[in-house]
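I have placed the structure first, in the form of structure tokens, so that the comments after it can refer back to it.
Just so it is clear, none of the values below were taken in a lab; they were calculated from the coordinates. Bear in mind that the values here come from a model prediction, so they are computed numbers and not experimental data. Every residue, glycine as well, gets a Cβ built from its backbone with ideal geometry; the counts of neighbours run over all protein chains shown.
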Amino acid sequence: MTRPSPRIALYPGSFDPITRGHIKLISRALTIFDRIIIGIAINISKQPMFSFEERVAFIEDAFPDMPVEVTPLDGLLVHEAQRLHCNAILRGLRSGTDFDYEFRMTSMNSSLNQDIETVFLMSDPADTFISSSLIKEVARFQGDITPFVTPKVADALLHKFSESV
Ligand code: COA
């Protein structure tokens, strides 16, 4: 009997930095997929606060001994998914606003490659307001960000903003 091939999902994004919202979503996706590859987009218009290496270190710290890998994404998402032998693209949905954006992106991706499905998981209702840029803004003004990120990310944000004063 042939063994079924592993189900691998590519989870793309900026992850600048990874948040508790992303972490919960990935943990839930690990009950559906055998492996998750987190693709850090390095060539989009956003100017990141953290380097690629820093973002990788935050993700590795959040998922010790788990089937989670990190890779840079440089190019079209569907090409990257194919190159990495992923069966699916994974995305999270927090709100109707996310839906409109995701709908357009998924429609474009499936018109480019019909073999790669996009799988959506709804965010935990408690996390719908979390985003990396809001967390950075709260940290900039010394607000408490510890409920939203790992201790390693919280330390790095604290350090970043203490350097800039
Ligand atoms: N919990 C908390 N926050 C979440 C989240 C979740 N589950 N899911 C998304 N977010 C936040 C992110 O933190 C980010 O917040 P920010 O903007 O405040 O930093 C925001 O939602 C959206 O970011 P993200 O999901 O990281 O997407 P992105 O817009 O940064 O990246 C790519 C989008 C990389 C997937 C897209 O640009 C892409 O595919 N690029 C490759 C080129 C390509 O193929 N283009 C054609 C696609 S049609």
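Electrostatic tally near I18: other residues with Cβ closer than 12 Å to its Cβ, Lys and Arg +1, Asp and Glu -1, net 0. Under 22 Å Cα to Cα from K46, which lysines show up? Leave out anything in the same chain fewer than 8 places away. Output for K46: K136, K160.
Restricting the calculation to Cα atoms, every distinct pair contributes to the Kirkwood radius of the chain, found to be 16.7 Å.
In the chain, the DSSP beta bridges split such that about 0 percent are antiparallel, to the nearest 5.
Across the options F148, I116, T128, the greatest Cα extent toward the positive end of the charge dipole of the stretch 106-165 (unit charges at beta carbon of Lys, Arg, Asp, Glu) belongs to F148. For I44, neighbours were defined as the other residues whose beta-carbon sits under 12 Å from its Cβ, and their charges (Lys and Arg +1, Asp and Glu -1) total -1.
Per residue, the convex hull spanned by the Cα atoms of the stretch 1-54 measures out at 94 cubic angstrom. Report the local net charge at H159: Lys and Arg +1, Asp and Glu -1, summed over other residues whose C-beta lies under 12 Å from its C-beta. It works out to a net charge of -1. Any chance you could check the Cα centroid distance between the stretch 25-82 and the stretch 88-165 for me, in angstrom? One Cα centre to the other: 12 Å.
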